Amino acid sequence: MAFDPAEEIERFHAAINALDFPAIEAYFAEDATYVSNGVGDLTGRAEIMAAFRRYFDDYPNQTAENSLVETLTPLSGRSVWSVRATHSKSGKPLIREGEETITFNAEGRVTRVEVTDYQEF
């Protein structure tokens, strides 16, 4: 079966929504990059996972939905999403909407994630 970036993004997001950190970590290539207002500009799986863990310590009740997931190239795709959460310490609500482009390598590992928020949060 041919690799489908859109289907893989759906599975990747399902792991994130489930807070399945071993599965999330397995998605990232060792030298992956992640660019986002939420977690910053990160390089390497270890740095990305540390930032994910900090983010989900702050927002453990996050719910995210995709309104669109599409294949862009044989190894990349784009999702349009919305996120709702409450900060675990301050109680402040978080509402984010945006899109991300995810690039995979030939083994199906994430090599780059570029997140664009539609508004500041």
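Working only within the stretch 44-60, note down all residues that are open to solvent by 90 Å² or more (accessible area, probe 1.4 Å) and over 24 Å from Tyr118 (Cβ atoms).
If the condition is that a residue be open to solvent by 90 Å² or more (accessible area, probe 1.4 Å) and over 24 Å from Tyr118 (Cβ atoms), then Arg53, Asp57 are the ones that fit.
Check off (1) under 20 Å from Leu68 (Cα atoms); (2) touching a helix residue (DSSP H, G or I) at 6+ places or on another chain (Cβ under 7 Å); (3) part of a loop (DSSP other than H, G, I, E, B); (4) not β-branched (Val, Ile, Thr) for Phe12 and give me the number that stays unchecked.
(3)
Give the stretch 82-121 a look and list any residue that's among the hydroxyl-bearing types (Ser, Thr, Tyr) and out of contact with any strand residue (DSSP E or B) (no Cβ under 7 Å at 6 or more places or on another chain), or say none. Steps first, please.
Start the filter on the stretch 82-121 by keeping residues that are among the hydroxyl-bearing types (Ser, Thr, Tyr), which leaves 82, 86, 88, 90, 101, 103, 111, 116, 118.
Those that are among the hydroxyl-bearing types (Ser, Thr, Tyr) and out of contact with any strand residue (DSSP E or B) (no Cβ under 7 Å at 6 or more places or on another chain): Ser88, Ser90.
May I ask you to verify whether Ser67 is open to solvent by 30 Å² or more (accessible area, probe 1.4 Å) and either touching a residue at least 12 places away in the same chain (Cβ under 8 Å) or not hydroxyl-bearing (Ser, Thr, Tyr) (or both)? Step through it out loud before you land on a result.
On the way: open to solvent by 30 Å² or more (accessible area, probe 1.4 Å): yes; either touching a residue at least 12 places away in the same chain (Cβ under 8 Å) or not hydroxyl-bearing (Ser, Thr, Tyr) (or both): yes.
So Ser67 passes the test.
Would you point out the residue of the stretch 75-90, among those that are basic (Lys, Arg) and not in a loop (DSSP other than H, G, I, E, B), that is surrounded by the most Cβ atoms within 10 Å (Cβ to Cβ)? Working first, answer last.
Of the residues in the stretch 75-90, the ones basic (Lys, Arg) are 78, 84, 89.
Keeping just the survivors that are not in a loop (DSSP other than H, G, I, E, B) gives 78, 84.
Working: Arg78: 18, Arg84: 15.
It comes out as Arg78.
Output the residues belonging to the stretch 64-98 that are over 22 Å from Pro5 (Cα atoms) and among the β-branched types (Val, Ile, Thr). First the steps, then the outcome.
Let us first name the residues in the stretch 64-98 that are over 22 Å from Pro5 (Cα atoms), namely 84-96.
Matches in the stretch 64-98: Thr86, Ile95.
The values are calculated or read from the model by the stated rules, or taken from the named source; none is laboratory data. Given the structure is predicted, the values throughout are model-derived calculations rather than measurements. Glycine gets a Cβ as well: all are built from the backbone with ideal geometry, and neighbour counts include every protein chain shown. Surface accessibility is based on the protein's heavy atoms, side chains included, excluding ligands, DNA and RNA. Shrake-Rupley method; radii C 1.70, N 1.55, O 1.52, S 1.80 Å.
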